[in-house]
Amino acid sequence: MADTNEELKRIEDELLAEEPQDIDKLIKEFLEEPEPAFDDPDKTEISDEPVVYCNYSNDYGKEQKKEDEDAALAKKKKDDNIIITLLAVAAGLSVGIIGVLVYWLVKYL
């Protein structure tokens, strides 16, 4: 037990002897002027070229082939036809509801 305490004391003395040198070095490094990450961080550069976004995880932003564009156009046209059909059905149902209301008003008033 005594040897352990003596060894701990010796290690503690060594660490305390090294500490002032390290602290002085750290303070000197801390007080140095930091270098900017960019040439001028306050200046924003605006490019005339369009910005291209690319997400490599899902291939967003990569050029599509002509076939992909044709398939997308056909799908959009199909979706438009479905929407038009749904709007026509909704309009027909609305006319039916208004017709029932008019019938009730005429019959009961």
Hey, can you tell me all the residues within the range 70-101 that are open to solvent by 90 Å² or more (accessible area, probe 1.4 Å) and either among the charged types (D, E, K, R) or in contact with a Phe, Trp or Tyr (Cβ under 9 Å, 6 or more places away or on another chain) (or both)?
Lys75, Lys76, Lys77, Lys78
Condition check: exposed (fewer than 10 other Cβ atoms within 10 Å of the Cβ), out of contact with any His (no Cβ under 8 Å at 6 or more places or on another chain) and modelled with pLDDT under 70. Does Pro41 satisfy that?
yes
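The values are calculated or read from the model by the stated rules, or taken from the named source; none is laboratory data. Given the structure is predicted, the values throughout are model-derived calculations rather than measurements. Please note: Cβ atoms are built from the backbone with ideal geometry, for glycine as well, and neighbour counts cover all protein chains shown. Surface areas here come from the heavy atoms of the whole protein model, side chains and all, with no ligands, DNA or RNA. Shrake-Rupley method; radii C 1.70, N 1.55, O 1.52, S 1.80 Å.
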